[in-house]
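These notes concern the structure reproduced below.
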Number of protein chains: 2
Amino acid sequence: MRVLGIDPGSHKTGWGAVDVEGSQVRHVDNGVIFLDDDRDLTVRLVDLAHRLRDRLVELSPDVVVVEDVFVRKGARSALILGQARGVVLATCGMQGLTVKSVPTSQVKLRVAGRGRADKLQVAEMVRALLGLPELPFEDAADALAVALSAVGDVGTAMARAPSPRRAKGRDALLELARAQGKA
Amino acid sequence: MRVLGIDPGSHKTGWGAVDVEGSQVRHVDNGVIFLDDDRDLTVRLVDLAHRLRDRLVELSPDVVVVEDVFVRKGARSALILGQARGVVLATCGMQGLTVKSVPTSQVKLRVAGRGRADKLQVAEMVRALLGLPELPFEDAADALAVALSAVGDVGTAMARAPSPRRAKGRDALLELARAQGKA
């Protein structure tokens with residue numbers, strides 16, 4: 001089962017795909033869609049839709065997981081972020097994909113063990129869990145974390161982990177990583 | 001020149017089209033795209049994109065004007081509204097249309113003469129200005145107001161009105177309506 005995580009943004013949108021097979025989680029690819037800040041918002045959103053669609057066609061995920069951002073910066077920032085998020089959701093929906101939402105706090109809690117983990121901690125956990133040679137770019141790391149945070153829900157990856165329901169998501173994921181000799 | 005105004009929302013999106021020719025403004029059509037609240041957000045946004053695209057193809061506007069909402073209800077509401085707005089912008093952009101943003105306060109000021117006019121006042125002004133037999137549905141009236149508020153910018157409608165730059169938008173529009181024997 002291929003899970004694609006997406007961290008939407010009006011300037012850059014991170015994406016990261018993992019394959020889940022039994023207790024194995026394997027990194028597929030990750031990247032960031034950078035939008036041209038000099039262009040009009042409408043043009044940027046169309047660009048985001050087209051480039052994300054290309055990724056979806058290329059990666060052919062079974063499930064897409066999009067971060068459900070908690071916005072601290074006020075209504076204006078939330079509106080702007082919402083515009084990119086809406087385009088991401090609609091683009092995935094048009095490809096017939098099922099989209100799940102995962103709150104940021106859950107992503108951090110499950111991947112880094114703390115709901116308030118900072119971006120670097122999340123990126124480091126993602127690198128360790130997936131055995132990546134180096135830290136992914138910030139937004140791509142977030143997107144991979146989003147994908148990983150949903151693995152327990154969408155796949156069978158955690159089925160063999162001890163008491164997956166009771167274990168903290170991070171422990172279960174670390175268990176997985178250890179089983180794969182990556183952490 | 002055909003101007004399409006849009007009032008985006010995550011539950012219903014109003015639209016209204018007017019034709020502008022010299023000092024004449026003529027109502028073309030208006031309506032509301034209702035989304036099924038029981039469906040998943042992604043499904044609703046795809047539905048919005050498809051149904052709006054159908055309207056765009058049918059109406060073939062020269063310019064689209066989208067309300068740039070000022071959100072008072074906090075970040076969560078702004079994020080939700082932003083999602084619908086982003087889909088509206090991208091859908092218009094994909095049809096190669098130019099999209100203009102007009103702040104809600106400007107819409108109210110230009111159409112109803114007050115930045116804090118309520119929805120009913122706006123709807124009544126829209127009805128009077130366009131000589132409609134009855135009040136349009138709330139969100140459609142808002143969308144028509146959005147279209148009308150941009151007329152001075154996108155068209156030549158106000159070119160013949162006395163001192164259009166100095167006159168309040170509402171006065172200039174009323175002038176127009178009177179010239180057309182509608183108010």
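The values are calculated or read from the model by the stated rules, or taken from the named source; none is laboratory data. Everything numeric here is computed off the predicted structure, so don't read it as measured data. Glycine also receives a Cβ, built like all others from the backbone with ideal geometry; neighbour counts cover every protein chain displayed. Just so you know, the surface numbers come from the protein's heavy atoms only, side chains and all, with ligands and any DNA or RNA stripped out. Shrake-Rupley method; radii C 1.70, N 1.55, O 1.52, S 1.80 Å.
In a residue-by-residue description of region A:156-171, the property of being modelled with pLDDT under 60, crowded, with 22+ Cβ neighbours inside 10 Å and under 17 Å from A:Arg26 (Cβ atoms) applies to at least one position.
Within region B:17-34, the set of residues being touching an Asp or Glu at 6+ places or on another chain (Cβ under 6 Å) and within 19 Å of B:Asp54 (Cα to Cα) comprises B:Ala17, B:Val28, B:Val32.
Inspection of region A:84-103 finds a residue satisfying the criterion of being open to solvent by 60 Å² or more (accessible area, probe 1.4 Å), more than 29 Å from A:Pro133 (Cβ to Cβ), out of contact with any Lys or Arg (no Cβ under 6 Å at 6 or more places or on another chain) and part of a helix (DSSP H, G or I). Listed conditions (1) in contact with an Asp or Glu (Cβ under 6 Å, 6 or more places away or on another chain); (2) open to solvent by less than 30 Å² (accessible area, probe 1.4 Å); (3) away from chain A (no Cβ under 14 Å) are all met by B:Glu67, apart from (3). Within region B:1-27, being free of Cβ contacts under 8 Å to residues at least 40 places away in the same chain and touching a Lys or Arg at 6+ places or on another chain (Cβ under 7 Å) holds for one residue alone: B:Asp19. Among the residues of region B:104-115, those identified as of a type outside the set (Val, Ile, Thr) and touching a Lys or Arg at 6+ places or on another chain (Cβ under 7 Å) are B:Lys108, B:Arg110, B:Ala112, B:Gly113, B:Arg114, B:Gly115. Taking region A:1-59 as the region of interest, the strands (runs of 3 or more DSSP E) fully inside it that hold 2 or more residues being open to solvent by 60 Å² or more (accessible area, probe 1.4 Å) are A:12-21, A:24-34. Go through the residues of region B:43-62 one by one and say whether even a single one is basic (Lys, Arg), modelled with pLDDT of 95 or more and within 19 Å of B:Val107 (Cα to Cα). No, every residue in region B:43-62 fails to be basic (Lys, Arg), modelled with pLDDT of 95 or more and within 19 Å of B:Val107 (Cα to Cα).
Taken over region A:73-93, the criterion of being touching a strand residue (DSSP E or B) at 6+ places or on another chain (Cβ under 7 Å) and more than 7 Å from chain B (Cβ to nearest Cβ) is satisfied by A:Val88 alone. Restricting attention to region A:105-127, does a residue exist that is open to solvent by 20 Å² or more (accessible area, probe 1.4 Å), of a type in the set (D, E, K, R) and farther than 19 Å from A:Asp68 by Cα? Yes, there is a match, as at least one residue in region A:105-127 is open to solvent by 20 Å² or more (accessible area, probe 1.4 Å), of a type in the set (D, E, K, R) and farther than 19 Å from A:Asp68 by Cα. Residues that are free of Cβ contacts under 8 Å to residues at least 24 places away in the same chain and away from chain A (no Cβ under 13 Å) were ranked within region B:28-52; the one that is farthest from B:Gly5 (Cα to Cα) is B:Asp38.
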